[in-house]
1. Give the residues of the stretch 13-24 that are surrounded by fewer than 21 Cβ atoms within 10 Å (Cβ to Cβ) and in contact (Cβ under 8 Å) with a residue 12 or more places away in the chain, sorted by residue number.
2. Find the residue count for the stretch 167-197, including only residues that are open to solvent by less than 30 Å² (accessible area, probe 1.4 Å), closer than 20 Å to residue 28 by Cβ and out of contact with any helix residue (DSSP H, G or I) (no Cβ under 7 Å at 6 or more places or on another chain).
3. Conditions: (1) more than 29 Å from residue 58 (Cα to Cα); (2) assigned to a loop (DSSP other than H, G, I, E, B). Residue 114 meets all but one. Number of the miss?
4. Could you check residue 107 against (1) crowded, with 16+ Cβ neighbours inside 10 Å; (2) in a loop (DSSP other than H, G, I, E, B) and say which number it fails?
5. Out of all the residues in the stretch 38-53, which are in contact (Cβ under 8 Å) with a residue 60 or more places away in the chain and within 27 Å of residue 167 (Cα to Cα)?
6. Within the stretch 70-81, can one find any residue that is over 22 Å from residue 154 (Cβ atoms) and surrounded by 15 or more Cβ atoms within 10 Å (Cβ to Cβ)?
7. Can you pull out every residue in the stretch 110-134 that is surrounded by fewer than 21 Cβ atoms within 10 Å (Cβ to Cβ) and of a type in the set (A, V, I, L, M, F, W, C)?
8. Please find, within the stretch 175-188, the residue that is nearest to residue 38 (Cα to Cα) out of those that are under 14 Å from the mean Cα position of the chain (by Cα) and either charged (D, E, K, R) or assigned to a loop (DSSP other than H, G, I, E, B) (or both).
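The values are calculated or read from the model by the stated rules, or taken from the named source; none is laboratory data. Note that the coordinates shown come from a computational prediction; the quantities given were computed from them, not determined experimentally. Cβ atoms come from the backbone with ideal geometry, glycine included; neighbour counts cover every protein chain shown. What goes into the accessible areas is simple: the full protein's heavy atoms, side chains included, and nothing from ligands, DNA or RNA. Shrake-Rupley method; radii C 1.70, N 1.55, O 1.52, S 1.80 Å.
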Amino acid sequence: MSTGAARPVPVSVDLLAGDPVNVAPQLLNTLLVHGERVARIVEVEAYLGPEDRASHAYRGRTGRNATMFGPPGRLYVYFTYGMHWCANVVCGPEGVPGAVLLRAAAPVGGLDAMWSARPAARAERDLCSGPAKLCQAMGLNRAHDGADLVRADLGVSLVSDGSAPPPAPGVGVRVGIRAGAEHPWRWWVRDDPNVSR
């Protein structure tokens, strides 16, 4: 993997054990890696537990959302609208549900595989510019639910190559939801063309 920066190292479990609202903006500019495919995270949203009406954990633990309850650093993958996968980084202490939705990323490596997975994309910025597009491009599905992003036990990891999160990211309300839409828990890298539209 060539990113032009320092040798990639796993994102710290200590960071991921924090509150999703605090963790989410810190994940901007980290790298999601799956085999040869590499993408730089440029947009995220935080989701909490029972106090967050938009969260899958709002009504408690189920078979679908069990991964959200920890431990931190796992990948929570769910199916939505009967056709798309979405990927989240589990955050917070084990037993307390929370996650950060990976909304968009900038392709960095393995672009041939991404193009093959996303034949409808018309430009490189369309490969990962939305949560479902990101999962398609990165080849993520239910088989990766529960993957340890620090140990890369299922071949998926979240790493840092030394690129810091932006000091002043864009901040706004979460999109595509009805309940809990008032919270400004979405962050993005300003002016990045890969941010979802």
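1. Kept after step one, since they are surrounded by fewer than 21 Cβ atoms within 10 Å (Cβ to Cβ), are these residues of the stretch 13-24: 13-15, 17-19, 21-22.
Passing the criteria: 13, 17, 18, 19, 21.
2. So the count comes out to 6.
3. Residue 114 satisfies all of (1) more than 29 Å from residue 58 (Cα to Cα); (2) assigned to a loop (DSSP other than H, G, I, E, B) except (2).
4. Only one criterion is unmet by residue 107, namely (2).
5. 38, 39, 40, 41, 42, 43, 44, 45, 46, 47, 52
6. First pass over the stretch 70-81, keeping only residues over 22 Å from residue 154 (Cβ atoms): 81.
Now drop any that are not surrounded by 15 or more Cβ atoms within 10 Å (Cβ to Cβ), which leaves none.
There is no residue in the stretch 70-81 that is over 22 Å from residue 154 (Cβ atoms) and surrounded by 15 or more Cβ atoms within 10 Å (Cβ to Cβ).
7. 111, 113, 115, 117, 120, 121, 123, 132
8. Here is the first cut: in the stretch 175-188, the ones under 14 Å from the mean Cα position of the chain (by Cα) are 185-188.
Filter again for either charged (D, E, K, R) or assigned to a loop (DSSP other than H, G, I, E, B) (or both), leaving 185-186.
Details: 185: 25, 186: 22 Å.
Looking at the filtered set, the residue picked out is 186.
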